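Note sheet for the following structure.
The values are calculated or read from the model by the stated rules, or taken from the named source; none is laboratory data. Just so you know, these numbers come straight off a predicted model, no measurement behind them. Ideal geometry is used to build each Cβ from the backbone, glycine not excepted, and the neighbour counts take in all protein chains shown. The accessibility values were calculated without ligands, DNA or RNA, using every heavy atom of the protein model including side chains. Shrake-Rupley method; radii C 1.70, N 1.55, O 1.52, S 1.80 Å.
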Amino acid sequence: MANQDQDILLEVKGLKTYFFLDEGTVKAVDGVDFEIRRQQTLCIVGESGCGKSVTARSILQIVDPPGRIVEGEILYHRRNGNTTEVLNLAAMDPRGQEIRAVRGKEISMIFQEPMTSLSPVHTIGNQIMEAILLHMPVSKNEARDTAIDMLRRVGIPKPESRINDYPFQLSGGMRQRAMIAMALVCRPSLLIADEPTTALDVTTQAQILDLMLELQEEMGMAIMLITHDLGVVAEMADDVVVMYLGHAVERGDVDSIFHDPKHPYTRALLRSIPKVGLKARERLDSIRGMVPDPYHRPAGCPFHTRCDEAIPGVCDRIVPPRIPLGDGREVRCLLYTEEYAGER
Amino acid sequence: MTEARPLTPGIAVEEPAQETEINLYIASQWQLMWWRFRRHKLALIGGTVTLIIYLIALFVEFLAPTDPNAYSVRYTYAPPQRLHFIDRTDKGIRIHPYVYGYKVKVDKVALRRTFVIDKTKKYPVRFFVKGTPYKLWGLIEMKTHLIGPVDPEAPMYLLGADRMGRDMLSRMIYGTRVSMSIGLVGVALSLILGILLGGISGYYGGSIDTLIQRIIEFLRSIPTIPLWLGLGAALPPNWPPLRVYFGITVILSLIGWTGLARVVRGRFLSLREEDFVLAARLDGSSELRIILRHMVPSFLSHIIASITLSIPSMILSETALSFLGLGLRPPVVSWGVLLQEAQNVRSVATAPWLLIPGIAVVVAVLALNFLGDGLRDAADPYA
Amino acid sequence: MLQYIARRLLLMIPTIIAISIVTFIIIQLPPGDYLTSLVASMAETGEEVDQSALETLKARYGLGQPIYVQYFKWAWGIISRGDFGQSFEWNKPVTDLIWERLALTFVLSLSTLLFTWIVAFPIGIYSAVKQYSLGDYVFTFLGFIGLATPNFLLALVLMYISFKYFNQSVGGLFSPQFVEAPWSWAKVADLMKHLWIPMVILGTSGTAGLIRIMRANLLDELHKPYVVTARAKGLPERRLLLKYPVRVALNPFVSTVGWTLPGLVSGSAIVSVVLSLPTTGPLLLRALMSQDMYLAGSFILMLSVLTVIGTLISDILLAWLDPRIRYQ
Ligand SMILES: Nc1ncnc2c1ncn2[C@@H]1O[C@H](COP(=O)(O)OP(=O)(O)OP(=O)(O)O)[C@@H](O)[C@H]1O
Ligand SMILES: [Mg+2]
């Protein structure tokens, strides 16, 4: 047990992040639990709007107002030599010094749009060096050298001159590399990547993912990767969390999720990926219905409106609890409770 | 953890939400615009005030107590009177509107006349009173005024009198018609020029576009007021008032059209690429028909918003020009012409009420700005 | 960058030529000219008309010749000798009359510009960051009023107040003892003391407009992804705000110089008349009224050139601030 504890880097427990708008409350994240292990990769998958980005931002407390964390814990296990100190990030003041010391230094983040995620009027050098100077006691020149080294490491050619470029002078792939350099320059123990390759073309996508794996190997950080693409999950993940409408509906290691999906949503999701050998005529299974709009979340299990196995009168009433299945697997579906197991 | 109800009580989702959604589906563009517009409280207020001001402009003759040019040397710079309602006489209290008369005191040292309210003289005032005859819109002969003294000769200056003892209230009401309409006419002229040239520029593109854009840039690079002053001074002094009026509107719209042309051009440029225009063209519709039937309606809402926003600047410009004596000239009455009376400090010091037309300008401009802002947001929530 | 400036400078030339033509046409528009009306009025009063002097003037400016000849004579005088012509009314060369007034106009406009910026910038930031707060509403409301009030009205009200309650007049840019005095430090100090009233009057509507622009720009920028990136880096909120969104919102803000400066030059013409400032406004107005064509024309021309230069400055500033333009 102690050994396993040593292994854990970040625990998210019962996280709820709501947006309080004039039109109503959007429960973007409504009870999410997962763990990230040191030097491992956790993938979060789910349809658009299910709260993946909000979960990621909640970890760093950078949710835009009127959104805020209303419940839950985010426990970060900071290692100092041989001792570990557990910090609850969710309880920190979003504008305070404590959380700022974690941001960019211990947990850093890269985003989907490499163009708009970098300031258009500052050079990439300026933006990378800023991260170094914020967190490390070095001089400007040293910071510059570190930045150049890092740019070289992420595969930007001629980093000595590129460091003076503005983002619009770089290609999309180069920009994302610069983003990665900026995120990793302080050697964080967790890198959160929010759909880092969605805006890139397929070859560049593959290169960026390879780069991330390489750097993970080299620097020994954990990665929390948010993606739509189950192919990417298969390639990168050690663990997987499947999200649906603000709930983590299923989690487990990548093999068991792919080979033995439990939740009806996960199964539907897996059915929807094209398989090699699929005949041209055969239709891809897509999940029927549409994602309910965020103001009118269904009662009970959020997925029951689209679920083929929903039990009428039950699933639309009872919010499924977390059901541990052993080996770190967990599912939130009433079909796996003792009471309703017969309906399966 | 378990939560049986779909919505906690704290969530402010109104019940009829469902209904609106269905309506949204079939709502026309104008309905949508109205719904969005309704949410702006200030715009609603602005719209109401604008409507009232234009109604005043419409019924000037009826609303003004007297003729704006009727003068009376006896009442030069007479201060505003208060309209009283409660009449305490020996016989008890009577409720009816009346004003007190003036007593003139001559200051021997400063050689100035000052007016004092004379409580011994009471002039009854009546609503819908028969007064100076007039022709409503130059057509209908009438005598009824909204308010006025029962005795037509009695002095009634609710907003004071000017240098020639003319009633400021009547003059301001008459000024409303000229000032507000000059904005409309000026904008109409700019609009014709703007749509025509902006449309040509955006629709055809190429070298015509470049040429028109250069002209616009050029016109914008000339400082407007010196330009207006120059052109205003060029209007021959012997022109009749009506022609001066149109001369001024032409001068004002000379700059005004450039802004509208830009808006129109931008819209045309983006619309040109839209599918429905292409479809119409493939259908064999004529170019003019495409423009009038398909393109103009799709940006009408924008144009309306831009118009509303350019009327106030027209009003301000007219006021400034007339104030300097290069715009409209007496006997035409506009707010700017009225403010001309307030040009030096001394007359303002003796008769501060000469500045009241300025308040009218501010209110009108504010109302139109609020209205225009609301319309713009309603026309294009993403702009 | 240098190339950019050079290109913009070259582009200025045709603009200025076109402006000079338009100006000339405008001042030619009124029927008759100053000399004819002068001769007429002199003949009326029975004064002696110096025929030979009249002829020299006529020949010099080509009066009575076709308008394009007159234009070329005027333009050539400006280019070759810096001679803007003769003011008929003052009987002095135009150059003797305009420079000081132009300089004062420029000083007034520029200081007003600085004033509007210094006021509008922080308020705009505050209004955007504290959107929908009480302060935001107050500033927005004041801004609307400022935009809706004509400058000259404000000037009148201020003059009235100071006349009525402080019993002093606020007109002019100098104390009486300095009006005719040659330039000295004392005179400059005196100017500074008087400058702020017209500056505030002229600046209100501009400030109101700029606050709204700054607020809107900044609101656009505040939620851009790059701000989130910077926040995720661990930057303190205040530093982040100033370094990123404010910096980006500054660009469109700076580009407003292009039209605020002409607006100020324009606006000062009217306010100067009301406050009787020794700037271009009152003299231009008078010249226009009395058909003193070269004086009026030179003023309009120079004010327009001032405007063009203002636009140029703002473009250069913008290019300097915004790498996307600089590297085009
Ligand atoms: N700033 C915000 N204001 C209001 N609602 C928000 C805001 N940001 C996110 N939301 C809501 O939170 C929900 C989850 O959004 P989130 O961005 O986390 O989705 P996502 O899973 O990352 O989707 P995608 O795959 O499209 O990035 C959405 O329904 C969205 O409407
Ligand atoms: Mg997302």
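Cβ-Cβ contacts under 9 Å between residues 6 or more apart (or on different chains), taken from a first residue in segment A:18-30 that is at the interface with another protein chain (Cβ under 10 Å from one of its Cβ atoms) and more than 7 Å from ligand 1 (Cβ to nearest atom) to a second residue that is of a type in the set (Phe, Trp, Tyr) and not in a strand (DSSP E or B), are listed as A:Glu23/A:Tyr295; A:Gly24/A:Tyr295; A:Thr25/A:Tyr295. The set of residues in segment C:175-197 being buried (at least 18 other Cβ atoms within 10 Å of the Cβ) and among the aromatic types (Phe, Trp, Tyr) consists of C:Phe178 alone. Within segment A:167-182, residues that are over 20 Å from A:Ala143 (Cα atoms) reach partners that are of a type in the set (D, E, K, R) and open to solvent by 30 Å² or more (accessible area, probe 1.4 Å) with beta carbons closer than 7 Å, at six or more positions or on different chains, in the pairs A:Phe168/C:Arg324. Restricting attention to segment B:330-351 and to residues that are more than 14 Å from B:Ser170 (Cβ to Cβ) and open to solvent by 40 Å² or more (accessible area, probe 1.4 Å), the residue that is modelled with the highest pLDDT turns out to be B:Gln340.
Answer with yes or no whether C:Ile325 is in contact with a Gly (Cβ under 9 Å, 6 or more places away or on another chain) and outside the structural domain of C:Ser205 (by TED's automatic domain parsing). Quick ask: steps written out before the conclusion?
Working: in contact with a Gly (Cβ under 9 Å, 6 or more places away or on another chain): no; outside the structural domain of C:Ser205 (by TED's automatic domain parsing): yes.
No; evaluated as a whole, the condition is false for this residue.
Of all residues in segment B:347-377, which are more than 21 Å from the chain's Cα centre (by Cα) and facing chain C (nearest Cβ under 8 Å)? If the condition is that a residue be more than 21 Å from the chain's Cα centre (by Cα) and facing chain C (nearest Cβ under 8 Å), then B:Val348, B:Ala349, B:Pro352 are the ones that fit. Residue check: C:Met12 meets all listed conditions (1) touching a strand residue (DSSP E or B) at 6+ places or on another chain (Cβ under 8 Å); (2) open to solvent by 20 Å² or more (accessible area, probe 1.4 Å); (3) at pLDDT 80 or above but one, namely (1). Among (1) within 19 Å of A:Ile223 (Cα to Cα); (2) surrounded by fewer than 16 Cβ atoms within 10 Å (Cβ to Cβ), there is one condition A:Ile110 misses while meeting the rest; what is its number? The number of the failed condition is (2).
For residues that are at the interface with chain A (Cβ under 9 Å from one of its Cβ atoms) and open to solvent by 50 Å² or more (accessible area, probe 1.4 Å), scanning just segment C:212-225, find the one that is farthest from A:Met115 (Cα to Cα). Taking the candidates together, the pick is C:His223.
Give just the number: which of (1) out of contact with any helix residue (DSSP H, G or I) (no Cβ under 7 Å at 6 or more places or on another chain); (2) open to solvent by 70 Å² or more (accessible area, probe 1.4 Å); (3) away from ligand 2 (no atom under 16 Å from the Cβ) does A:Leu75 not satisfy? Of the numbered conditions (1) out of contact with any helix residue (DSSP H, G or I) (no Cβ under 7 Å at 6 or more places or on another chain); (2) open to solvent by 70 Å² or more (accessible area, probe 1.4 Å); (3) away from ligand 2 (no atom under 16 Å from the Cβ), the odd one out for A:Leu75 is (2). Each residue in segment C:116-141 was checked for being assigned to a helix (DSSP H, G or I) and more than 12 Å from every other protein chain (Cβ to nearest Cβ), and 18 pass. Tell me, which residue of segment A:31-88 that is of a type in the set (S, T, N, Q) and either within 16 Å of ligand 1 (Cβ to nearest atom) or within 12 Å of another protein chain (Cβ to nearest Cβ) (or both) is farthest from A:Val232 (Cα to Cα)? Checked segment A:31-88; the qualifying residue farthest from A:Val232 (Cα to Cα) is A:Gln61. Annotation: of all residues in segment B:193-239 being of a type in the set (Val, Ile, Thr) and free of Cβ contacts under 8 Å to residues at least 40 places away in the same chain, the one that is farthest from the other protein chains (Cβ to nearest Cβ) is B:Ile200. Restricting attention to segment C:226-241, does a residue exist that is within 14 Å of chain A (Cβ to nearest Cβ) and polar (S, T, N, Q)? Looking through segment C:226-241, at least one residue is within 14 Å of chain A (Cβ to nearest Cβ) and polar (S, T, N, Q).
Based on this model, can you work out whether A:Asp229 counts as in contact with an Asp or Glu (Cβ under 7 Å, 6 or more places away or on another chain) and more than 16 Å from A:Val32 (Cα to Cα)? Give the derivation first.
Values: in contact with an Asp or Glu (Cβ under 7 Å, 6 or more places away or on another chain): no; more than 16 Å from A:Val32 (Cα to Cα): yes.
No: the conditions fail for A:Asp229.
For C:Gly234, the conditions (1) more than 16 Å from ligand 2 (Cβ to nearest atom); (2) assigned to a helix (DSSP H, G or I); (3) buried (at least 17 other Cβ atoms within 10 Å of the Cβ) are fulfilled apart from (2).
Being within 16 Å of ligand 2 (Cβ to nearest atom) and open to solvent by 50 Å² or more (accessible area, probe 1.4 Å) is the requirement here; does A:Arg57 meet it?
Numbers: within 16 Å of ligand 2 (Cβ to nearest atom): yes; open to solvent by 50 Å² or more (accessible area, probe 1.4 Å): yes.
Yes: the conditions hold for A:Arg57.
Counting only helices (runs of 4 or more DSSP H) wholly contained in segment C:242-328, the ones carrying 1 or more residues that are open to solvent by less than 10 Å² (accessible area, probe 1.4 Å) and facing chain B (nearest Cβ under 10 Å) occupy C:257-275, C:280-289, C:293-321.
Restricting attention to segment C:192-224, which residues are over 30 Å from C:Ser133 (Cβ atoms) and modelled with pLDDT of 80 or more?
Applying the first criterion (over 30 Å from C:Ser133 (Cβ atoms)) to segment C:192-224 yields C:192-195, C:197-198.
Once the filter is applied, which keeps residues that are over 30 Å from C:Ser133 (Cβ atoms) and modelled with pLDDT of 80 or more, segment C:192-224 yields C:Leu195, C:Ile197, C:Pro198.
Taking the residues in segment A:195-231 that are open to solvent by less than 10 Å² (accessible area, probe 1.4 Å) and within 16 Å of ligand 2 (Cβ to nearest atom) as candidates, determine which candidate is farthest from the other protein chains (Cβ to nearest Cβ). The residue in question is A:Leu225. Apart from one condition, B:Trp239 fits all of (1) open to solvent by 40 Å² or more (accessible area, probe 1.4 Å); (2) in a helix (DSSP H, G or I); (3) among the aromatic types (Phe, Trp, Tyr); the exception is (2).
For A:Asp64, the conditions (1) part of a strand (DSSP E or B); (2) at pLDDT below 90; (3) within 14 Å of ligand 2 (Cβ to nearest atom); (4) more than 26 Å from A:Leu209 (Cβ to Cβ) all hold with the exception of (1). Summed over segment A:30-54, the residues that are within 12 Å of ligand 2 (Cβ to nearest atom) and either assigned to a strand (DSSP E or B) or open to solvent by less than 20 Å² (accessible area, probe 1.4 Å) (or both) give a count of 6.
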